Amino acid sequence: MHNASTFDFSTKIGHTWFPTPLFTASGCASSGKELAQFFPLSEIGAVVTKSIALKPRLGRPTPRMAETPSGMLNSIGLQGPGIDAFLADDIPWLMTQNARIVVSISGETVDEYSILARRLRSVPGISAVEVNISCPNVENRGLVFACDPVSSRAVIEGVRRTIGGDIPIIAKLSPDVTDITEIAREVVSAGADGLSLINTLLGMVINTQTMRPHLGGKTGGLSGPAIRPVAVRAVYQVHQVLPKIPIIGMGGIRSGRDAFEFILAGASGVSVGTAIFGNPRAIMDVQNELKEILISRGFASLSEAVGYAHREDSTGALQRGADSEESEG
Amino acid sequence: MHNASTFDFSTKIGHTWFPTPLFTASGCASSGKELAQFFPLSEIGAVVTKSIALKPRLGRPTPRMAETPSGMLNSIGLQGPGIDAFLADDIPWLMTQNARIVVSISGETVDEYSILARRLRSVPGISAVEVNISCPNVENRGLVFACDPVSSRAVIEGVRRTIGGDIPIIAKLSPDVTDITEIAREVVSAGADGLSLINTLLGMVINTQTMRPHLGGKTGGLSGPAIRPVAVRAVYQVHQVLPKIPIIGMGGIRSGRDAFEFILAGASGVSVGTAIFGNPRAIMDVQNELKEILISRGFASLSEAVGYAHREDSTGALQRGADSEESEG
Amino acid sequence: MVGLNMSPINRHARQIEAVVLSNKRVGQYHQIMISVHDLAQHARPGNFVAIAVGGDSSALILRRAFAISRVSHRADYGGTMELIVAPHGAGSRWLCSQMDGASLDVVVPLGTAFGIPTTPVRALLIGGGYGSAPLFGLAEVLKGRGCRVDMILGASTSGKIYAPQEGKRSVTSLNIYTEDGSAGATGKVTDPLREMIADGSVDVIYSCGPMGMLAAISKIAVEANVVHQCAVEESMACGIGVCMTCIIPMRTDSGEVGMMRSCIEGPVMDGEKVQWNLVGKPHA
Amino acid sequence: MVGLNMSPINRHARQIEAVVLSNKRVGQYHQIMISVHDLAQHARPGNFVAIAVGGDSSALILRRAFAISRVSHRADYGGTMELIVAPHGAGSRWLCSQMDGASLDVVVPLGTAFGIPTTPVRALLIGGGYGSAPLFGLAEVLKGRGCRVDMILGASTSGKIYAPQEGKRSVTSLNIYTEDGSAGATGKVTDPLREMIADGSVDVIYSCGPMGMLAAISKIAVEANVVHQCAVEESMACGIGVCMTCIIPMRTDSGEVGMMRSCIEGPVMDGEKVQWNLVGKPHA
Ligand SMILES: Cc1cc2nc3c(=O)[nH]c(=O)nc-3n(C[C@H](O)[C@H](O)[C@H](O)COP(=O)(O)OP(=O)(O)OC[C@H]3O[C@@H](n4cnc5c(N)ncnc54)[C@H](O)[C@@H]3O)c2cc1C
Ligand SMILES: Cc1cc2nc3c(=O)[nH]c(=O)nc-3n(C[C@H](O)[C@H](O)[C@H](O)COP(=O)(O)OP(=O)(O)OC[C@H]3O[C@@H](n4cnc5c(N)ncnc54)[C@H](O)[C@@H]3O)c2cc1C
Ligand SMILES: Cc1cc2nc3c(=O)[nH]c(=O)nc-3n(C[C@H](O)[C@H](O)[C@H](O)COP(=O)(O)O)c2cc1C
Ligand SMILES: Cc1cc2nc3c(=O)[nH]c(=O)nc-3n(C[C@H](O)[C@H](O)[C@H](O)COP(=O)(O)O)c2cc1C
Ligand code: FES
Ligand code: FES
């Protein structure tokens, strides 16, 4: 049995190491300030900031959320201060906290992503860039970039070219596609060092009082435990075809058991999003529980467990702790 | 205010009228026998039978199900007796119950669907055929028919041609596609009279004890309240582009309020599936509650409410009962 | 073969509101008594209940199945049922936390029952863990029919042996086995089995417990040509026969393998017909 | 303008297990007292709590927000807080069904508080429905600072007026309006407002209630040039400032419209700055 002191919890994306595999999910931790009073941001793998656009944006009208069974819909519409204010205010503050920073960017055109990448290129203190391609492409009838292999590739190629080779690029994909492995292959061959899986599912709630769509933006993104089986499936599928590409898994994670499920499916990092809304310390709880589970199952490192569910079915195969009594709940 | 005696609850698909818009979801009521002891099958709109294949099938190994937050995964693998035994045993029995019957068919090739349609063509007592195209196409690398517009069209064209013009055809679509409206348009132009939306979402649960996929079939279909927002969105999107095509909406319906949400989104019928597992009388409860809601909101008929959430936002628009106190839960 | 009466399936099943009359810890289990009014009279040993768990806004959408341990009649409440519940995951833990007076949503009685011999026979009842629950009710019925009732119970450890004092009255002999030796003999219920049935001194075996145990018993019973009725346990989504999740591969009368629903064609099944080697295995 | 002290936001917020000390029905509401230990001392009128609802296996994944009605100290339990809860949907109904001794998962205290004047002023407190809850605690504090405290409460019907006996002690005058006339005068809280503040007899208005009411008060307050602090109510997913669902359009210092988070830059906001006509409207 390994113990907490020898266990290696670190994970790597591109050339960058993170001390733990726990990341905030973009849009669920703002730029970290509000969470800092509940735990030190330096203790988790990284803060992934809310997707930032070139210009300040007011976002969508309220209501911006609807709770759904074991999930929620959101329609924020990427409200944010724009890249300039973000770089001036948020990055320096996060650095004072000794937090590792993953900056999530979003654009309306292929060029906007490249411009954002150029702005980030020389900013010190950024560990990686997450490219949120689940945004409508205004140059292509508003079709979401991540729903089209050609647009997805174009965005990542542009970012790769502009940002240079140092900062790892993580492409964040949408589950609302016929074949997520196709998009994954495209963005990886276009230069993505890692993948974030998954963004929200497109959903709608109709307010039965007003008898109209409940959200100001009509449709919204479904997140939370409700979508976990879809997210685990996506991670499993993509890891199967791209076993060497680091995946940050997310979608309904709220316990160490949930995070472990993603790791077994093939994720080498996990993000906690919606669970933060129910529990401000959720990410710390998940981190502690995940570490404990990995150690108790006899893994010497996180990386040993990554994709473990894919191993061949053979009697010779290592069967760790199958008799342990940890709950499935 | 209309009352129960004058209210028109009927719904129409192709040339067939159903006295109520409540259908069982295929695969969630077997062929009706087991539910008959909880309520008379003749009281609901129709029994939609479990998808039947040409030959008897044993289906997938157990475990065939996993509960997930507000949902479940199933991987039955279309176990069934084959069309011959089905026609010999199940249809005659359902007719003795005075139940309206919608037969769901599934095939592995385009031809199999046509052969099944030919077998059904002259069978008396069938109100409609539901074509479950969420099945792997063995002639096309196992790609699910419903995930490909060309295969989807081919199946429906084949069934339409074989079955003749009398029996309405309902195409049942999968939500696991980039654009469900594209598939909907294809199958409607290929001859479908109606659409069933949605089948399950592809998902996976990993058993953290064995550290392998929990289901015998590895992946499974996600159903239940968890997927309701995705289903409502699909119905809304498809009704927007094909406002005249009857849609049977389903996905997580377990109360009259839920059914009403689908009707407002554009469904003219609703199916109850997973909810039956938690409550054998679920479909009757939903039926009674839906009727009560529609009447209390001042609708004279079901059809008046279909797609009501799409109406233009204008001060002149009818604002029914927005001050009523019915719960959103 | 001994003549066994199978009772008709689910004919009396109803969805009712049942009140928790008592909830006591017994070893590692909870003994929960619920009021079920006149449905009690229709319950047979081997039948089960399906209970909605988690309360009004629960994320647990499926019912949980529990064997009916015993049925009785109380002057103040009418028919009652006793369940023996192991706190396993979220649903059973919720059930174990319900206090007296709580109201439960229960569908009952479900499934097949143990076949009751029409003439007095020598019966051997074998229970693993909470699998002993329905066996005490069965023992009572068998004893009432003049049968000799031997019982073997086993579990990993003593806290998982369920053997109430009252229950023991209906039993001619009771032997306990635990794997860690914390109660009774050290070992498994199958250890003494071959010997016990070798000399033709047992007419029918009734068993309930983990699938591995049932399979092992079946093997021995087939070799000794003893009738074996076992109550199986497969994950169930609906419990009423409509979902096809709970299937068990069985040899059918035509000699082929058929997939039988353990909720409605079970849980009590003919051990000899179950294709134990095919359970959970891909089939052609 | 009157000088108002805004307390620093969320600095003392913690996630705690709070025990329900009592739960009484009061009209159409539940008055729920919970123990919060030393966090009570940090709570200011206007702050709110965020409570996890539905129990361990709940499908309700988001916390529910409730204004802190009053804070007190009990020798046996230490700091306590009182909430006034309307059973509205699944979450609040669950909360209203919790019995004495139940334990709740609570994050507290959250959000901005009503600004307290540094000198004695004439204050008018206006509450709609359960919106009166935080006003009684506020009234106590204001009275302690020597302020004159007039209060107007309104609701659709008498059962939705929350005005406890003890609370009335801190209030100089109390006027009640119901739309159906079942208590107090028939009408709305805004009916007497213009007249009451026209003659300069009110320095600051504090309000809490439905958004429509707050907007109407704001309009009148702006015309009369009276400071107006209102506690707004927008749907909140996180309650701690990270999700951006709870935004209210406000005029910023630079004169532009900004989207402020009502959980952290509110719920108490400057009524004059809120762009009431833009709430829930698409923005450029
Ligand atoms: C016919 C029958 C009789 C049973 N009798 C008893 C009894 O008398 N006492 C008792 O303690 N338990 C009994 N069980 C097992 C009991 O149903 C499970 O322990 C329980 O469903 C677990 O639910 P959970 O939420 O606590 O666990 P979880 O593991 O969280 O449940 C997740 C899902 O898996 C299913 N599941 C998990 N374990 C089992 C299992 N062993 N069998 C079937 N489904 C399972 C659950 O129903 C649920 O849908 C019986 C099961 C069956 C099928
Ligand atoms: C700052 C603040 C203070 C509040 N103070 C009180 C109080 O003192 N007493 C009281 O009874 N209620 C108060 N509310 C309203 C209370 O939060 C809602 O009634 C409650 O969240 C409804 O939850 P539900 O599950 O019962 O209803 P549902 O309608 O089922 O809730 C569904 C979702 O919508 C949200 N929601 C629904 N109604 C409201 C609402 N009016 N405001 C915000 N979110 C809502 C819920 O939080 C939940 O996420 C306050 C709200 C806010 C934002
Ligand atoms: C309120 C909210 C805002 C979000 N904003 C963003 C965003 O700006 N960029 C992004 O890439 N993902 C965004 N997401 C998606 C999350 O990062 C995450 O992919 C998704 O919610 C699934 O994880 P979860 O179930 O743990 O929340 C947002 C999600 C929520 C709930
Ligand atoms: C156990 C199970 C079996 C199913 N079998 C079928 C099937 O044979 N054919 C089919 O078209 N859909 C099948 N479905 C999908 C349902 O008909 C329905 O589309 C889906 O479950 C969503 O509705 P629900 O959330 O109400 O269950 C099955 C679903 C479940 C849960
Ligand atoms: S549990 Fe559904 S068929 Fe047996
Ligand atoms: S509720 Fe999340 S930012 Fe206000």
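What follows draws every value from the coordinates through simple rules; no lab data is involved. Since the model is a prediction, treat every value here as computed from it, not as a measurement. Neighbour counts run over all protein chains shown; Cβ positions are idealised from the backbone, glycine included.
For chain D, the relative contact order is 18 percent, taking Cα pairs closer than 8 Å that sit 6 or more residues apart in sequence and dividing their mean separation by the residue count. Here's the list of aspartates and glutamates a cross-link from residue C:281 could span, going by alpha-carbon distance under 13 Å and ignoring same-chain residues fewer than 8 apart: A:313. Sorted ascending by nearby beta carbons within 10 Å, beginning with the fewest, B:308, C:130 become B:308, C:130. Sketch the reach of a paramagnetic label on residue D:15 as a point 7 Å from Cα along Cα-to-Cβ, and name the residues of region D:223-250 whose backbone nitrogen lies under 17 Å away. Under cut-off, by backbone N: D:237-243. Here the scattering of region A:182-325 is modelled by Debye summation over its C-alpha atoms, one equal scatterer each and no solvent; at q = 0.09, 0.12, 0.13, 0.15 Å⁻¹ the log10 of I(q)/I(0) is -0.34, -0.57, -0.65, -0.82. Considering region B:191-274 at the alpha-carbon level, its Rg and Dmax are found to be 15.1, 50 Å.
For residue B:212, the residues whose modelled amide H falls within less than 5 Å of its own, excluding neighbours fewer than 5 places apart on the same chain, are B:207. The Stokes-Einstein estimate for chain C, based on a Kirkwood radius over Cα pairs and taken at 10 °C with 1.306 mPa s viscosity, is a diffusion coefficient of 83 µm²/s. Given in Å, the Rg to one decimal and the Dmax to the nearest whole number for the Cα atoms of region C:44-137 are 15.0, 50. A simple packing score, the average count of other Cβ atoms within 10 Å per residue, orders the peptides A:212-225, A:278-291 as A:212-225, A:278-291, with the highest score first.
Counted by neighbouring Cβ atoms within 10 Å, the residues A:232, C:85 run from fewest to most as C:85, A:232. Placing dummy labels 7 Å off each Cα toward the beta-carbon, the span from residue A:122 to residue A:141 is 4.2 nm. Here the average projected area of the convex hull drawn through the C-alpha atoms of region C:116-278 stands at 10.0 nm².
Stokes-Einstein diffusion for region C:90-166 at 4 °C, viscosity 1.567 mPa s, with a Kirkwood radius from C-alpha pairs, works out to 87 µm²/s. With equal scatterers on the alpha carbons only and no solvent term, can you work out the Debye log10 of I(q)/I(0) for region B:67-216 at 0.20 1/Å? Cα-only, vacuum Debye calculation for region B:67-216: -1.24.
For region A:166-235, the residue among A:188, A:207, A:221 whose Cα projects farthest onto the positive side of the dipole built from Cβ charges is A:207.
Can you tell me the relative contact order of chain B? Whole percent, Cα pairs under 8 Å, sequence separation 6 or more.
Relative contact order for chain B comes out at 19 percent.
Averaged across orientations, what area in nm² does the convex hull of the alpha carbons in region A:99-146 project? If you can, show how the numbers build up before the last one.
Details: hull surface 12.9 nm².
Seen from a random direction, the Cα hull of region A:99-146 projects 3.2 nm² on average.
The shape of region A:1-150 can be summarised by an equivalent ellipsoid whose semi-axes, obtained from the alpha carbon gyration tensor, come to 28, 19, 17 Å from longest to shortest. Extending 7 Å from Cα along the Cβ direction at residue C:194 and again at residue A:12 yields two label points whose distance is 5.5 nm. Under a 5 Å amide H cut-off, with hydrogens placed 1.01 Å from N, residue A:10 pairs with A:302 among residues at least 5 apart or on other chains.
Of all aspartates and glutamates in the structure, those lying under 17 Å Cα to Cα from residue C:273, and not within fewer than 8 positions of it along the same chain, are C:223, C:233, C:234, C:253, C:256, C:265.
Distance between the modelled labels on residue D:186 and residue C:201, one decimal in nanometres: 9.2 nm (7 Å Cα→Cβ projection).
Helix A:256-265 axis versus longest C-alpha principal axis of chain A: approximately 90°, rounded to the nearest ten.
Counting DSSP beta bridges in region A:11-326, what percent are antiparallel, to the nearest 5?
Beta bridges within region A:11-326, antiparallel portion: roughly 45 percent.
Over all alpha-carbon pairs of the protein assembly as shown, lay out the pair-distance distribution in 10 Å bins, whole %, shortest bin first. Computed distribution, short to long bins: 2, 9, 17, 21, 20, 16, 10, 4, 1, 0, 0. What shape does region B:10-98 have by the C-alpha gyration tensor, where a ≥ b ≥ c are the square roots of the eigenvalues, rounded means a/c under 1.5, and otherwise prolate means a/b greater than b/c and oblate the rest? Note, shape of region B:10-98 comes out oblate. Cross-link check: pairs A:33/A:172; A:12/A:291; D:168/D:219; B:33/B:218 evaluated at a Cα-Cα cut-off of 26 Å; pairs beyond the cut-off: D:168/D:219; B:33/B:218.
Cα axis of helix B:228-241 to longest principal axis of chain B: angle in degrees, 0 to 90, nearest 10? It is inclined by approximately 80 degrees. Taking the longest Cα principal axis of chain C as reference, the axis of helix C:133-144 is set at about 70 degrees. Legend: ranking of residues B:166, A:258, A:89 from fewest to most surrounding C-beta atoms inside 10 Å; resulting order B:166, A:89, A:258. For region B:11-326, a Kirkwood radius taken over Cα pairs fed into Stokes-Einstein (10 °C, viscosity 1.306 mPa s) yields D = 81 µm²/s.
Other residues whose C-beta falls under 14 angstrom from the C-beta of residue C:224 contribute a net charge of -2, scoring Lys and Arg +1 and Asp and Glu -1. Phi angles of region B:137-144 translate, via the Karplus equation with coefficients 6.51, -1.76, 1.60 and θ = phi - 60°, into HN-Hα couplings of 8, 5, 7, 9, 6, x, 5, 4 Hz per residue; Gly and Pro are given as x.
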